[in-house]
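S.K.: Structure provided below as structure tokens; questions to follow.
The values are calculated or read from the model by the stated rules, or taken from the named source; none is laboratory data. Computed from a prediction, not measured in an experiment: that's the story for all the values here. Heads up, the Cβs are rebuilt from the backbone with ideal geometry, glycines too, and the neighbour counts pull from every protein chain shown. Just the protein is used for accessible areas: all its heavy atoms, side chains included, with ligands, DNA and RNA removed. Shrake-Rupley method; radii C 1.70, N 1.55, O 1.52, S 1.80 Å.
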Amino acid sequence: MGRYNGNDHSKDENDNHSDQLNPNNDTYWTDRGYDERPDDWEDAYGGDDE
């Protein structure tokens, strides 16, 4: 399987792909077995300490 090429997909498919890779998005977490994004997702993921 080759690298993902956004030019080969619809906008909805590209948006879904981005959501699946973004820990700030619920889709990222549900695809990994969570019911939703955890409240402490930044701590769990190693987000900024600002």
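S.K.: Which residues, counting only those in the stretch 26-45, are under 22 Å from residue 15 (Cβ atoms) and assigned to a loop (DSSP other than H, G, I, E, B)?
M.R.: Those that are under 22 Å from residue 15 (Cβ atoms) and assigned to a loop (DSSP other than H, G, I, E, B): 31, 32, 33, 34, 35, 36, 37.
Yes/no matrix, rows are residues, columns are (1) under 12 Å from the mean Cα position of the chain (by Cα); (2) open to solvent by 90 Å² or more (accessible area, probe 1.4 Å):
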{"residue": "2", "(1), (2)": "no, no"}
{"residue": "16", "(1), (2)": "yes, no"}
{"residue": "28", "(1), (2)": "yes, no"}
{"residue": "31", "(1), (2)": "yes, no"}
{"residue": "36", "(1), (2)": "yes, yes"}
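S.K.: So residue 12 ticks every box in (1) loosely packed, with under 14 Cβ neighbours inside 10 Å; (2) touching a residue at least 12 places away in the same chain (Cβ under 8 Å) but one. Which box is left unticked?
M.R.: Of the numbered conditions (1) loosely packed, with under 14 Cβ neighbours inside 10 Å; (2) touching a residue at least 12 places away in the same chain (Cβ under 8 Å), the odd one out for residue 12 is (2).
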